[in-house]
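A short worksheet on the structure shown next.
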Amino acid sequence: MSEISQNLQCIDFHTHIYPQNSFRNHISETQNEKIKSAFKYYSLFTHAIQQKIHIIPDTIRKNFDPLLLAFTLPPLAANSTAADLNTELLNNNIDFAIVAAHPPVITNQHIIAETNINKKLIPCLSLNFADAELFTVSNLTNPKFILKINPMAIDFDLNDEKVIEILELWNKNSWPLVIHTGALHSSFFKHPEAGQIESLLTMVEKYKSIDFILLHMNIFKPYEALEFCQKFENTKVTTSWQSEELITIACKKLGSERILFSSDWPLVGNNIEIRKNMIQNMLQNGHLTTAEAENILYLNAQKILEAYFSKKL
């Protein structure tokens, strides 16, 4: 990590923490550190590939989505727990990380438990009415977590009374709502096509005061995400899964005030270091000003979180 990158404050707006896996129970910490080190080379390779996949036609690419997703999984064996994330935050000078649930693999309860232990981790719970008690209006009036919706992973119905109640509350308060964007065709997701950016049109049009944070910039169709966001001022994008070139384009089209740094750690592997270095490279190469880099890495997230939680970070 360079001196410039170390000096930049940073909030990672979207990460994950997995429960301890059985593989970790059978190896020593020394062995695990060696595996992590080896995976850094794997991560450089997978990052280089995933940043170019958007040029492949959708009709061809979606047939390979299961294989592409499989490439993101190996690093999880050695580097995916809350303790691992804390090490990454320290090594890369990250002030806070928002950690998102993904039921049933990463439960909302797991996120709550881990973020109660480490105050650098900010909980992001995934709307899932199997955890109905978490998403009652009485619990949400003074929310203690960021709310995320992943339309690919749940039976998300805009006409559902509970959904309407939550969205109206968020709209009334102009709160941030984190939304997965980017279709991934895999049996891991119930409704892959619901990840397409256009599927959000009705919701974004109707709830104009919600601050929609569109994760991953629509993954393999980032230009569609940028076009969508140019039409709707109540949207922002995150940097995960995108190249320096596309982040630069996003900055020009939307302004740095509407871009949030995120790594999607630990998927793809070693994300935090690689992705923070990308912002540093853009700054050094003149593609970002210092003010723009500070907005993307820290200030935009700080403004959102302090307003939402009504307290200083």
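The values are calculated or read from the model by the stated rules, or taken from the named source; none is laboratory data. Keep in mind that what you see is a predicted model, and the values were worked out from it rather than measured. Here the Cβ positions follow ideal geometry from the backbone for every residue, glycine too, while neighbour counts run over all protein chains shown.
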Margin query: Between LYS206, LYS172, which is among the basic types (Lys, Arg) and touching a helix residue (DSSP H, G or I) at 6+ places or on another chain (Cβ under 9 Å)?
Written below: LYS206
Notebook entry, point to check: Which one of TYR207, TYR223 is surrounded by fewer than 23 Cβ atoms within 10 Å (Cβ to Cβ), farther than 18 Å from ILE56 by Cα and among the aromatic types (Phe, Trp, Tyr)?
Noted result: TYR207
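Here's the yes/no breakdown for (1) at pLDDT 95 or above; (2) of a type in the set (S, T, N, Q); (3) on the phi > 0 side of the Ramachandran plot:
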{"site": "ASP211", "(1), (2), (3)": "yes, no, no"}
{"site": "LEU214", "(1), (2), (3)": "yes, no, no"}
{"site": "ILE219", "(1), (2), (3)": "no, no, yes"}
{"site": "PHE228", "(1), (2), (3)": "yes, no, no"}
{"site": "PHE232", "(1), (2), (3)": "yes, no, no"}
{"site": "SER243", "(1), (2), (3)": "no, yes, no"}
{"site": "ILE247", "(1), (2), (3)": "yes, no, no"}
{"site": "LYS252", "(1), (2), (3)": "yes, no, no"}
{"site": "GLU257", "(1), (2), (3)": "yes, no, no"}
Item checked: Residue selected from the range 1-55 under the condition among the acidic types (Asp, Glu) and in a helix (DSSP H, G or I), by the criterion modelled with the lowest pLDDT -> GLU3
Next item on the list: Among the residues of the range 129-151, count how many are surrounded by 12 or more Cβ atoms within 10 Å (Cβ to Cβ), in contact (Cβ under 8 Å) with a residue 24 or more places away in the chain and of a type in the set (S, T, N, Q).
Entry: 1
Item checked: Options SER243, SER187; residue that is touching a residue at least 60 places away in the same chain (Cβ under 8 Å) and under 16 Å from the mean Cα position of the chain (by Cα) -> SER243
Next item on the list: Taking only the range 201-218 into account, find how many residues are without any contact (Cβ under 8 Å) to a residue 40 or more places away in the chain and under 17 Å from the mean Cα position of the chain (by Cα).
Entry: 4
Margin query: Condition (residue is over 19 Å from VAL237 (Cα atoms), of a type outside the set (Val, Ile, Thr), at pLDDT below 95 and loosely packed, with under 14 Cβ neighbours inside 10 Å) applied to the range 170-179: is it met by at least one residue?
Written below: no
Check: Where residues in the range 9-34 are in contact (Cβ under 8 Å) with a residue 24 or more places away in the chain and surrounded by fewer than 16 Cβ atoms within 10 Å (Cβ to Cβ), which of them is farthest from ILE98 (Cα to Cα)?
Finding: PHE23
Margin query: Of the residues ILE154, ILE94, only one is in contact with a strand residue (DSSP E or B) (Cβ under 7 Å, 6 or more places away or on another chain) and touching a residue at least 24 places away in the same chain (Cβ under 8 Å); which?
Written below: ILE94
Next item on the list: Consider GLU198 carefully, then state whether it is closer than 27 Å to PHE64 by Cβ, charged (D, E, K, R) and in a helix (DSSP H, G or I).
Entry: yes
Next item on the list: Those residues that are surrounded by 18 or more Cβ atoms within 10 Å (Cβ to Cβ) and among the hydrophobic types (A, V, I, L, M, F, W, C), I need them from the range 282-296; list them, please.
Entry: MET282, LEU283, LEU288, ALA293, ILE296
Checklist line | Answer residue from the range 39-55, given it is among the hydroxyl-bearing types (Ser, Thr, Tyr) and farther than 27 Å from LEU226 by Cα and is surrounded by the most Cβ atoms within 10 Å (Cβ to Cβ) among those | finding: TYR42
Margin query: Can you say whether PRO143 is under 22 Å from THR15 (Cβ atoms), in a loop (DSSP other than H, G, I, E, B), touching a Ser or Thr at 6+ places or on another chain (Cβ under 7 Å) and modelled with pLDDT under 95, as far as the supplied structure shows?
Written below: no
